[in-house]
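Below is one structure, written out as structure tokens; the observations come after it.
The values are calculated or read from the model by the stated rules, or taken from the named source; none is laboratory data. Small disclaimer: the values here were computed from a predicted structure and weren't measured. Methodologically, a virtual Cβ is constructed for each residue, glycine included, from the backbone with ideal geometry; neighbour enumeration extends over all protein chains shown. The area values use the complete protein model at the heavy-atom level, side chains included, leaving out ligands, DNA and RNA. Shrake-Rupley method; radii C 1.70, N 1.55, O 1.52, S 1.80 Å.
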Amino acid sequence: MTRPVLLLGYALGPAGDRAVRVAADLASRLGADLHVVHVVDSRDYPVDPDAADFDTEAERRLADQHARVEALLRRAGHAGAGYSQDTVRGAPVAALAAAADTVDAFMIVVGSRGEGPGSALARLVEPSVSHGLIGHQSRPVLVVPAGAG
């Protein structure tokens, strides 16, 4: 029998780091494999697209994120077997749903920016991935709140 797969949608920042810790703990408790997916966005690229080292810097930033996730997983005791990581491009909700279909994930885990006036304003500029997944996904979605650990 194959192990179940838990898909983690990772974004750089405190919410992403919390989601890694919670997903690693949950995967360990459930005996599940953890598949981490980062959907590339504008924050992953250098500011100046005309810079001579633009491509090199963008790749370095993505490699740094992979290393950060691996370090967080090591600290959580979940590095090594039962873990994989992927970087994809596209609209975050659609990309995470497609990745979940590809690995036949039993659940998707994402972090939350939190609630409040600042978050509501931020969602006008950048829609909430967690809300999008909940509204357009047949799989269970676990949203890790700002205060989780």
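Would you be able to tell me the number of residues in the stretch 55-65 that are touching a His at 6+ places or on another chain (Cβ under 8 Å) and either open to solvent by 80 Å² or more (accessible area, probe 1.4 Å) or not aliphatic (A, V, I, L, M) (or both)? The total comes to 1. Given the criteria open to solvent by 50 Å² or more (accessible area, probe 1.4 Å) and either of a type in the set (Val, Ile, Thr) or closer than 15 Å to ALA27 by Cβ (or both), does GLY77 qualify? In short, yes.
When VAL36 is tested against (1) surrounded by 14 or more Cβ atoms within 10 Å (Cβ to Cβ); (2) farther than 14 Å from MET107 by Cα, only condition (2) is not met.
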